[in-house]
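**Student:** Dropping a structure here in structure tokens format, bear with me for questions.
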């Protein structure tokens, strides 16, 4: 009986250590990375002071053939090579149109220029270009409505930034409806070639003194649950 109780205590101690380690982990484990590949530090085109030293951010170029309809024959997802990717775009089948293929898709990181008024930019700006041998690539709005842009934020701090888009360097930035695809993954509709970035407006920034710290409350909850489990184990052992 003493061996059983001792084993239970070791199990509880191990569970506590695992729980505390998970909560203290600085990086999330994204679904697409698997359990053994947490995010690497964010890669900047122009690293800010105090940021971790990393390899340069990656760009990517992908070509897709045209089907008989003059549109991309297959759905495809294009992303950069970081772990996890700092940009990823999903193009549904038949969403890209050209008179002659293949269509070339380029995702390229840039230093943010002329950022949205009053906003604090989070990370790189990414330029998306679509070209074909016959000239400009047009977009089929019927299918483009489910094309999706994913941008990775520089960290997991809340509130997370929102996404902005402009079709060209001289155009005004427009905020996009942005949702969460993970702890640091921001998701919005893909509107076409142009520039995309993440930024926080003053209204998005946390208020000083406002809110309740989340991590201490989670730690307290873990300790309460584990304490209850220990109590139940001891009561059962005493009754046996």
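The values are calculated or read from the model by the stated rules, or taken from the named source; none is laboratory data. As the structure is a prediction and not an experimental result, all values here were calculated from the model. Cβ placement follows ideal geometry from the backbone for every residue including glycine, while neighbour counts extend to all protein chains displayed.
**Student:** Does any residue of region 179-191 turn out to be in contact with a helix residue (DSSP H, G or I) (Cβ under 9 Å, 6 or more places away or on another chain) and either buried (at least 18 other Cβ atoms within 10 Å of the Cβ) or not in a strand (DSSP E or B) (or both)?
**Tutor:** Yes, that holds for at least one residue.
**Student:** Within region 97-120, track down each residue that is under 20 Å from residue 166 (Cβ atoms) and buried (at least 18 other Cβ atoms within 10 Å of the Cβ).
**Tutor:** 105, 107, 108, 109, 112, 116, 119
**Student:** Quick check on residue 28: is it more than 17 Å from residue 138 (Cα to Cα), assigned to a loop (DSSP other than H, G, I, E, B) and modelled with pLDDT of 95 or more? Before the answer, list the steps.
**Tutor:** Details: more than 17 Å from residue 138 (Cα to Cα): yes; assigned to a loop (DSSP other than H, G, I, E, B): yes; modelled with pLDDT of 95 or more: no.
Answer is no for this residue.
**Student:** Could we say that residue 174 is loosely packed, with under 14 Cβ neighbours inside 10 Å, over 19 Å from residue 91 (Cβ atoms), in contact with a strand residue (DSSP E or B) (Cβ under 9 Å, 6 or more places away or on another chain) and at pLDDT 95 or above here?
**Tutor:** Yes, satisfied.
**Student:** When region 152-168 is examined, which residues are found to be exposed (fewer than 14 other Cβ atoms within 10 Å of the Cβ) and either closer than 20 Å to residue 139 by Cβ or in contact with a helix residue (DSSP H, G or I) (Cβ under 6 Å, 6 or more places away or on another chain) (or both)?
**Tutor:** Initial filter on region 152-168 (exposed (fewer than 14 other Cβ atoms within 10 Å of the Cβ)): 157-159, 167-168.
Within region 152-168, 159, 167, 168 meet the criteria.
**Student:** With the requirement that a residue be free of Cβ contacts under 8 Å to residues at least 40 places away in the same chain and either under 30 Å from residue 47 (Cβ atoms) or outside the structural domain of residue 143 (by TED's automatic domain parsing) (or both), what does region 57-77 give you?
**Tutor:** Once the filter is applied, which keeps residues that are free of Cβ contacts under 8 Å to residues at least 40 places away in the same chain and either under 30 Å from residue 47 (Cβ atoms) or outside the structural domain of residue 143 (by TED's automatic domain parsing) (or both), region 57-77 yields only 77.
**Student:** Turning to a different aspect of this structure: Taking residue 104, is it more than 15 Å from the chain's Cα centre (by Cα), on the phi < 0 side of the Ramachandran plot, free of Cβ contacts under 8 Å to residues at least 60 places away in the same chain and assigned by TED's automatic domain parsing to the domain that holds residue 196?
**Tutor:** yes
**Student:** Would you say residue 47 is assigned to a loop (DSSP other than H, G, I, E, B) and within 20 Å of residue 106 (Cα to Cα)?
**Tutor:** Numbers: assigned to a loop (DSSP other than H, G, I, E, B): yes; within 20 Å of residue 106 (Cα to Cα): no.
Judged against the criteria, residue 47 is not a match.
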